[in-house]
Each structure stands twice: as structure tokens, then as C-alpha cells.
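Visitor: Below you will find the structure I want to go over with you.
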Amino acid sequence: MPASGVKVVRRWLLPLALLWAHNAVIGQVEIHPSGNPVSASERQWHREELSTPTGKRWGWRTQMRHDAPHYLVFPFPPTREVVEVVFFVKTPPKGQRGVNFGLSFGAPVHWANEALRLAFGGNGFLLQQDVGDWFTWRSRFSWLSVAPFPFGEWVKVCLVADPSIGAFQIWLNDHPVAPTPLPFLSPTPQVSCFFLFNGEGSGTVAEVSEPKIHFGALPNAPKSLRVISVNPHRLRLMWRPSETPRVSAYRIYRRGQFLAEVPAERTEWDDTTVKTGEAYGYFVTAVALGVESLPSWADAAMPLLPLPLAPRSFSLSVLYDLVVVGATPAGIAAAITAARFGHKVALVERTTHIGGMMTGGLSATDRRYRQASGGLLVEFLQRIARFYAQAYGEGSVQHRGCRDGYLFEPKVALQVFRQMLAETPNLHLYLRHELVGVLKNSNRVVAILLLDKTRGIRWRMDGRVFVDATYEGDLAALAGARYQVGREGRHEFGEEFAGELFWDTRKMALPPEQRLVFGKPEGDTKVQAYNYRLTVTKRADNRMPLSAPPDYSPELYAEIVEGVREGLLWHPMEIVSLVKLPQQKFDANNTPGPFPSTDFIGANYEYPEADWHRREGIARAHRNYILGLLYFLQTDQRLPNQFRIAASHWGLAADEFTDSENFPPQLYVREARRIIGDYIFTEHDARPTFQGRRTPVHEDSIAVAEYPIDSHATTPRDLKKPYLHEGFFYLPNITAPSHVPYRILLQRAKDGSPLEGLLVCGAVSATHVGFGTLRLEPVWMALGQGAGTAAHLALTKKVSLRQVPVHELQRLLLEQGQVIAFFHDLPPPHTPEFAAVQFFAVRGFFDTYEVGANELVDEETARKMLHRFAELLRRPLPYAFGTTSPTLTQRDVVRWLAALLKVSEAEVLARCQVSEFRPEAPLPRGQLCLWLYRLFHWRP
């Protein structure tokens, strides 16, 4: 048996494995890009005998050009068999574009016909044309680097393509250019020609030998491989068979190494040699007449521990230290945090879905600055990155594609959250338990009433502390908290971007803030639009076909027809915003163009305060609207045929959301209620006090928000002015990283009195505009971790949530790696300065986002810090700090601190844990913060 799948694939193809391949009887034709044949006098491709390193070969010579280039097409009967093309080409000189080549279904007169297109780039790389990392309205295809090549030399090219899985591999001079198959540009059902193209160049002479084309050199690969966890010690592989009839066996590879062979009638196999919580990647090949196919598309999973489901009990009441309602990322963070501190925790979810939007389609993490990430979010991201590295290898295309864990498949995020919950002691998960009531003792929440939807009974859950982690703020609302739905007026909080305003898509060349047109200043009850974040793919064997949804109405989308006719849209996926994920998947979101997209604007106004029966109806309407949009793009006869064909190449990923027909189970509730708390976070909290300075600091900061303030549209577009989106805005140039205060988690009753025993970490206290920088899953996770930590302190100190010592809350959060103050140059979490500089940043020690931890402190900076430190300790200044020497020394600082604290200099050094005191040496800024941090938290 072979030892390495990758090595085997290389060995098969280098000799071309032609024992049972057949050649096509082909000719060639030169055509215009329009598809019309050229006349003899117009020919640009000239047949000649070429001199190559391997001898004389017949081929073609042409000149690369920008104007009026031609295709040289080699047609053959349409086929789904594996196609192999071998030819020699003279690569271009440095800086010049070389020959394009590829496979097409029909003449390559439209990109929707092109299965693949490659080119020798002037940068010295073989380039592949495809959708890039990000694609939306007005995007174009990208040229993606595949592999380097030598300039100005003859190169042997071997192209092998399998239309049945929409994949190909390339060899240059008998060396593979990629360790795994590459995806088709357009997953055409068949291919019927090989083409050469002399466009996009500037006069370079190109020489190409006559291509040798073979069919069936390899069997077709197996399709639709899927790997799932059966139990903590078993993974199951399932695949669809190869389309080649004479397959005798399938070979299974794990992490690139041969693992097993099964007979052709088997399309399922269990791997029992796996470790719990470790990720494993697989591919399968088909074997026919001793020859192996290209690898199937890979898949991966990890054997999972069972979820910590609460044991069934006949008791109709139970007591927990902490009860978290909503298994959103914020809820999971709150529950895990408190449970890791040793508290008994219940995590309650009304559905069977855990992870909220992060496992429900929102797979492109919204982060402007990665320095803002910390705590459990970073743990989650690291586990994602580790999954792809373990399964596919360090530096693999999947590992690189996850971008350190910020991009992921929903099913991988689900596995990671499941494993995190399963590893956590003291935690019980209640699924299919709907919140139906709240019990209070005076203004303190003491219990909730739950409907067990599985058993059909209502029962009581008591708790010492409660956390509302729902997107809707349901627990707080049932507890009688004050809340706001809709938008404030421009003058209520003096917010520039409150009230009515319009995003003008005609001004896309201007900075985002200048695309806005201001309307009425008054507020209203309108809610920004919802949608579903779809996981889509154009991978041929993993794409689910679409059908018309209930109540399908094509007129909802009819203006797209006019947009296509007018040239406003050239690609069907321009109507969404795509972000590439690992495994040839894309996160599809709304895009605010002058046409319908995935936001169902205005259909959600009732949602925030509706009961669940009504909410589920609204969610179904959103689902049908989005499915109808995709179905329209693929089927409406008013659209050009090629446009519809291109749309049909895209579909829902068949290996995602398998319990809900591959459609996300979580409606993207961007904003619902906003519970009014002890502090209302506004636009001003996310804007710098002065240019280049920090946003307003909050001494009780427990998290950082840094994503640009934004909102999706709130009012359906006026078809007479389709370019205006009322309520949409995106404000990157006025938004700066902000400090999120603990007080927005503390809620008040309708009469203004404090609500006790309850924290809200989802529908937090903010204005509509302020909420625009808070409503991101990374922020909600950080607030959830803050809520879990605050609950821990309240429980252990036996104090109310409002009496939790903020400095201790921050110290514990910083020990967990949480970020509470943003710096561009924040010291790493494993350094002692990490906590110190943040702790004092939220207390006004730093005016900017640069800490300069290794820079030496000057006298003025030290004076500001030390005098502010005295204020924090509420001690009078012993004297105005200063130094008589040209350079501030460590002795100057220690002497002043000894005078402030009225202790000896030796005692100051002991409290600061200084192991090596150099009296005359200067003091770095980070070290000064560390000394003060240790002094502040010192206890006898």
C-alpha cells in the first residue's frame, strides 16, 4: 500500500498513465473574444516549428497584446471524464504577461463558460483567475498566485482537470505546483475545449507547442466527502462514488498519509484510531485498473466529548450559582468563565443551536484591529487555527485561509464551541428550554420560569445571579427593565449621526462619511435590517440546488433585471458581499448597492417585542426572501442566459447546517431591544476627544470596541431613488477604539430603580448609533466574559453586582488575557506590562493609543503618572514630582513613592517586587506602570 497520498498522486501523473486513456480527434480554430472565427488575414497565432530544449516541436507563435487579442481554441466532445493537457511554453520576460490558457465548456466567450483560466504573470508566478478573498458590488475577478516559474525559459505544463468535482492540478516541468487540487473558476458540468489567449500583454512574443489532450487518463475522484464525529473515539467518513464505472476500490488518506483501502461498493468508513479533541483531515481517491484518481476534496472533524446536557430530573425547581439565558457566544463566554471559577452554572437555550451567529453563518470575524482581541475570544480563535493546522497541516491552504482563526467554517466553529463546553466542569446545558417568566424579590431577580419544549412542562430555575445573553434582551424585559427600540433623535444625546440619514451609492468614490445625506433629526421606532449570513460555495460536489421558496414573488427582485441590462451588475454575486472561508466556502452578507440584497429591510419592525410565535414567522419570511433572491438570479427568464448560468454555479454548502436543510438556523438579529442601564453608551464614547487622542476613558472599562460604527438600512428603498439607503451608515474615519464600561451591563427598572441580580451582555445599554460599534460578536464575547467574572466576584464576596470592586474585576479579566484598553503596541499577554498599562490607561494615564512600553520615561510623563496615581489612592502629594538630574532615574521615582506611601524605599521596592534595583538607571514607561500596578494591588 502507498505511504503518502500526495506522493502517489504525483507518481501517477508524471508518466501520464495512458494505459486506458484515449485521445480526442481535434483541430484548432482561432476566434475573436466574441466567438466569431477570424479570417486568414486577421490571424495572430501562427503555426511554426519551434525549437525547445527537448527538440523541434510544432506549435504556435503569437504576440501578447491589449487590443483585439484572439483565442486559439482546441475543441473536443463535451466530457465529464478527467482531461489531461500537456504542452510546452516559453515563459515571458520579467514584468511582461505571458500566455493565458484554460478549459471551457463551449467557446471561452464568457467567463461563465470557463472552467479554469491561468496565466504566466509578469511577477514570475503562474496565476489563477478566480474570486478573491473578498467580492462584492463592483468587484472583479482576482489573479491569484499559484507557483513561481523561471522567466524566459521553456516550461513543460501538465494540466489535469476533473469536471465531476470541479478541481484541477498543475505540474510545471513535472513538479506539482500545489499540494492539493485547485478549484474551477466556473464549475461547468462538462468541458469541451482547451484554449490559449494572447491578451493582457504588451508585445512580448509567446511560443506554445501543440497541446496533447487525453481523456480518462485517471478515474474521476470520489465526491462530497464528509467527516463527522460519532463519539469521542470515532470519526465517520462518507462519500459519493466516482463517476468512473470501472472503479475497484477507494483509498483513504489521513493528514496526507495512506490509511486504508475499501472495496468499491463501500462509501462509508469509520476511523477508530483517533484522539478526542484532536482534528483530523482526510481525502479519498478512487482506484481503477491500478491507477488512482485526483484526491477528493478534503474534509475534517474532531472526535467530540458529549455536550454537558443537564441530567433529566423530576424536580420542578433547581438552584444554580449563575444562570445564563442564551447560548450565544456571549452566553457561552459568561457560562464558561464562571464555571472555570468553580461555580455551578446553567446555560439555557430555547433551540438546539449553540453559538448564535458565530456558528450560524457569521464566519468572517468582524475585527478592525487584532490587538483588541483577548480572553476567551482569543482562545476560540486559537482553537480554530489549531483545528486547521492539525487537520490539514501547518501552512496548508486551509490553515492559511483561516487567517489565525478569524475565518472559519460554521461547522468547525460549532465543533470548537462544543468542545469548550464539554471540557468545562460545573456547567449544565439546557436545550429546547424557552424563557416564559421571571420571579423577583422586590427588585432582585431570583428565578426564571422555563418551558421544557421536549417534555412540554413548565418549571422553575433559581439562581443567585442571572445573565441575559440573548440578542433580544428577553430576560431583562421580562424582569421589568427599561429598554429602547429604534433610533434616538439627533438632539437627545447630541449625536451627529442619529435620526434619519441616507447612504448615497452614487458617491462610492468619496470617503464613507461623505456619502451620507442627512434627513429629519427626529428619532423613530424603526430597526436596522436583519438577514441570514449564508455559507455558499461554487464547489460542484458540495453545492445544494435551489428551489422556489413558499410564496415566491419574482417582482420583489425585478429591478435587478434593469441593473443587469444597464451594466450595473456583471456578476450575480455582486448582489451580496462575499468573504472567502477555508474549504472553498464563502460567508455571504448584504451589500448596500442600488438593488435588492440579502437584508429584508422593514420586515423586522415587530420582531424586538414580539412573542416567539410571531418572531418565527418573521424569521421564515426572511428565509424565504433570501432563498427567493438566489432562485431569481438562477431562473428568471428576463435575465441574460449567461448571468443565470453563472448564478447557478453558486449554492448553499451541502455540508453545513445539515439539520436545517443547509440554511443557517440563526436569524441575524443585528439589533432588537437595547436595555437601559446605569450608563448609556453613545456615539461620543466611540469618537476621539481630539484628533489623534483616545476616546473618553471609563474607569470601569471591561472590554474594547473598535469596529467602525455602522448600521444597516432601516427603511425600504424608494424605487424612484434606489441609490439611497435610509438608515445605512459606516463610519470608519470618525470611530476610534473605545472603552466599554461595566455599567452598561447593569440594568434599571422602568421606574429608574436599579435591577439587582441581573447582568445584560448582549442587548446592552446604548443608543442606536453607539450600539453600532458594540453589536459585534467579539465585543459581546468580551462582555460575556466580563459578566461571568463579575458574577464570580459577587458570589464569592457576597455583594451585589453593583458593589463588585471594579479594580478587582479588571485584574481578574486582565489575568484571563482580556483587553480593556486598546493600544496599537500593546505588550503581549504573557508579559507583566500587559495588565499594568491597560489598567492605568482606563484611568487616564495615556492620551493616545501608543504605550511605548520600552521608551524611557521623561520627567513630565512621570509627573503626570505619579500625580494621577496619588489621586487614585486618594493621598495628598508629598511634593510635586521632579528631578534635579538631566535624566529621570529609578531612585527619583522610588524616593517619591516612599514619601507618598510613608514607607521606606526598601518597602516600596518590596511591594513593587523589584528584584534588581539600579538607582541611577532610567526607567522604561512599561516598567513604571508595572511598579504602580503592583503597588495599587498590594495587600498586607
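Visitor: Quick one: in region 793-824, which of the residues that are assigned to a loop (DSSP other than H, G, I, E, B) and either hydroxyl-bearing (S, T, Y) or over 20 Å from P778 (Cβ atoms) (or both) is most open to solvent (accessible area, probe 1.4 Å)?
Guide: K798
Visitor: Need the failing condition index for H214 against (1) in a loop (DSSP other than H, G, I, E, B); (2) closer than 27 Å to T54 by Cβ; (3) open to solvent by 10 Å² or more (accessible area, probe 1.4 Å); (4) not charged (D, E, K, R), just the number.
Guide: Evaluating H214 over (1) in a loop (DSSP other than H, G, I, E, B); (2) closer than 27 Å to T54 by Cβ; (3) open to solvent by 10 Å² or more (accessible area, probe 1.4 Å); (4) not charged (D, E, K, R) leaves (1) as the failure.
Visitor: Looking at the structure I just gave you, is V527 out of contact with any Cys (no Cβ under 7 Å at 6 or more places or on another chain), in a loop (DSSP other than H, G, I, E, B), open to solvent by less than 20 Å² (accessible area, probe 1.4 Å) and among the β-branched types (V, I, T)?
Guide: yes
Visitor: Moving on. Take V894 and tell me if it is in contact with an Asp or Glu (Cβ under 8 Å, 6 or more places away or on another chain), within 27 Å of V842 (Cβ to Cβ), open to solvent by less than 60 Å² (accessible area, probe 1.4 Å) and part of a helix (DSSP H, G or I).
Guide: The answer is yes for V894.
Visitor: Next up: With the structure loaded, tell me whether F881 is open to solvent by less than 60 Å² (accessible area, probe 1.4 Å) and farther than 17 Å from A836 by Cα or whether it fails that test.
Guide: yes
Visitor: Might you let me know whether region 273-295 holds any residue that is charged (D, E, K, R), under 25 Å from the mean Cα position of the chain (by Cα) and buried (at least 23 other Cβ atoms within 10 Å of the Cβ)?
Guide: No, there is no match, as no residue in region 273-295 is charged (D, E, K, R), under 25 Å from the mean Cα position of the chain (by Cα) and buried (at least 23 other Cβ atoms within 10 Å of the Cβ).
Visitor: Does region 687-695 contain any residue that is of a type outside the set (A, V, I, L, M, F, W, C), without any contact (Cβ under 8 Å) to a residue 24 or more places away in the chain and open to solvent by 20 Å² or more (accessible area, probe 1.4 Å)?
Guide: Yes, there is a match, as at least one residue in region 687-695 is of a type outside the set (A, V, I, L, M, F, W, C), without any contact (Cβ under 8 Å) to a residue 24 or more places away in the chain and open to solvent by 20 Å² or more (accessible area, probe 1.4 Å).
Visitor: Q96: open to solvent by 10 Å² or more (accessible area, probe 1.4 Å), over 29 Å from V579 (Cβ atoms) and either touching a helix residue (DSSP H, G or I) at 6+ places or on another chain (Cβ under 8 Å) or not small (G, A, S) (or both), yes or no?
Guide: So Q96 fits the description; yes.
Visitor: I'd like to check something: does region 67-77 contain any residue that is within 17 Å of V155 (Cβ to Cβ), crowded, with 20+ Cβ neighbours inside 10 Å and of a type outside the set (A, V, I, L, M)?
Guide: Within region 67-77, not a single residue is within 17 Å of V155 (Cβ to Cβ), crowded, with 20+ Cβ neighbours inside 10 Å and of a type outside the set (A, V, I, L, M).
Visitor: Identify, from the list V230, V262, the residue that is of a type in the set (V, I, T), part of a strand (DSSP E or B) and open to solvent by 50 Å² or more (accessible area, probe 1.4 Å).
Guide: Result: V230 is the single residue among V230, V262 that is of a type in the set (V, I, T), part of a strand (DSSP E or B) and open to solvent by 50 Å² or more (accessible area, probe 1.4 Å).
This table checks each residue for (1) over 30 Å from V465 (Cβ atoms); (2) among the hydrophobic types (A, V, I, L, M, F, W, C).
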residue	(1), (2)
W269	yes, yes
K275	yes, no
A286	yes, yes
P303	yes, no
P308	no, no
L319	no, yes
V324	no, yes
R350	no, no
T359	no, no
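Visitor: Looking at region 897-923 only, could you name the residues that are crowded, with 17+ Cβ neighbours inside 10 Å and in contact with a strand residue (DSSP E or B) (Cβ under 8 Å, 6 or more places away or on another chain)?
Guide: Answer for region 897-923, where residues must be crowded, with 17+ Cβ neighbours inside 10 Å and in contact with a strand residue (DSSP E or B) (Cβ under 8 Å, 6 or more places away or on another chain): just L923.
Visitor: Given the condition open to solvent by 20 Å² or more (accessible area, probe 1.4 Å), over 19 Å from V146 (Cβ atoms) and touching a Phe, Trp or Tyr at 6+ places or on another chain (Cβ under 8 Å), answer yes or no: does some residue in region 180-191 qualify?
Guide: yes
Visitor: In region 621-671, which residues are more than 15 Å from Y532 (Cβ to Cβ), under 26 Å from the mean Cα position of the chain (by Cα) and without any contact (Cβ under 8 Å) to a residue 60 or more places away in the chain?
Guide: Passing the criteria: S648, T658.
Visitor: Can you name the residue in region 740-777 that is charged (D, E, K, R) and touching a residue at least 60 places away in the same chain (Cβ under 8 Å) and, of all such residues, is most open to solvent (accessible area, probe 1.4 Å)?
Guide: K750
Visitor: Scanning for something in contact with a helix residue (DSSP H, G or I) (Cβ under 6 Å, 6 or more places away or on another chain), part of a loop (DSSP other than H, G, I, E, B) and free of Cβ contacts under 8 Å to residues at least 60 places away in the same chain, does region 841-851 turn up at least one residue?
Guide: Scanning region 841-851, I find no residue that is in contact with a helix residue (DSSP H, G or I) (Cβ under 6 Å, 6 or more places away or on another chain), part of a loop (DSSP other than H, G, I, E, B) and free of Cβ contacts under 8 Å to residues at least 60 places away in the same chain, so the answer is no.
Visitor: Name every residue in region 425-445 that is among the aliphatic types (A, V, I, L, M) and within 21 Å of A339 (Cβ to Cβ), in order of residue number.
Guide: L427, L429, L431, L435, V445
Visitor: Further question on the same structure: Determine whether region 728-739 contains at least one residue that is surrounded by 23 or more Cβ atoms within 10 Å (Cβ to Cβ) and under 23 Å from A339 (Cβ atoms).
Guide: No.
A quick yes/no check of all residues on (1) closer than 17 Å to A339 by Cβ; (2) under 31 Å from the mean Cα position of the chain (by Cα):
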residue	(1), (2)
W780	no, yes
K798	no, no
Q810	no, yes
E815	yes, yes
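Visitor: Show me the strands (runs of 3 or more DSSP E) entirely contained within region 397-490 in which 3 or more residues are within 23 Å of A346 (Cβ to Cβ) and open to solvent by 10 Å² or more (accessible area, probe 1.4 Å).
Guide: 433-441, 444-452, 457-468
Visitor: Where residues in region 565-618 are aliphatic (A, V, I, L, M) and within 18 Å of L652 (Cα to Cα), which of them is surrounded by the fewest Cβ atoms within 10 Å (Cβ to Cβ)?
Guide: Restricting to residues being aliphatic (A, V, I, L, M) and within 18 Å of L652 (Cα to Cα), the top hit is V579.
Visitor: Another one. Regarding L362, is this residue open to solvent by less than 20 Å² (accessible area, probe 1.4 Å), assigned to a loop (DSSP other than H, G, I, E, B), in contact with a helix residue (DSSP H, G or I) (Cβ under 8 Å, 6 or more places away or on another chain) and not aromatic (F, W, Y)?
Guide: Criteria met by L362.
Visitor: Could you please tell me which pairs satisfy a Cβ distance under 9 Å, a separation of 6+ or placement on different chains, a first residue in region 900-926 that is without any contact (Cβ under 8 Å) to a residue 40 or more places away in the chain, and a second residue that is basic (K, R) and assigned to a loop (DSSP other than H, G, I, E, B)?
Guide: Listed by first residue and then by second, the contacts come to L900/R875; L901/R875; K902/R875.
Visitor: Report, ordered by the first and then the second residue, all pairs with beta carbons closer than 8 Å, sequence separation of six or more or different chains, a first member in region 128-152 that is basic (K, R), and a second member that is open to solvent by less than 20 Å² (accessible area, probe 1.4 Å).
Guide: R138/E574
Visitor: While we're here: So D847 clears everything in (1) within 28 Å of F466 (Cα to Cα); (2) out of contact with any strand residue (DSSP E or B) (no Cβ under 8 Å at 6 or more places or on another chain); (3) not aliphatic (A, V, I, L, M) except one condition, right? Which one?
Guide: Every condition holds for D847 apart from (1).
Visitor: Hey, another quick one. Please determine, by comparing only the residues of region 380-395 that are in contact (Cβ under 8 Å) with a residue 60 or more places away in the chain and open to solvent by 20 Å² or more (accessible area, probe 1.4 Å), which one is nearest to A841 (Cα to Cα).
Guide: Taking the candidates together, the pick is R386.
Visitor: Hey, can you tell me all the residues within region 530-555 that are in a loop (DSSP other than H, G, I, E, B) and open to solvent by less than 70 Å² (accessible area, probe 1.4 Å)?
Guide: Y530, Y532, R533, K538, R539, L546, A548, P549, Y552, S553
The values are calculated or read from the model by the stated rules, or taken from the named source; none is laboratory data. Just so we're clear, the structure is a prediction, and the values are computed from it rather than from any experiment. For neighbour counting, all protein chains shown are included, and Cβ atoms are generated from backbone atoms with ideal geometry for every residue, glycine included. With ligands, DNA and RNA removed, areas are computed over all heavy atoms of the protein, side chains included. Shrake-Rupley method; radii C 1.70, N 1.55, O 1.52, S 1.80 Å.
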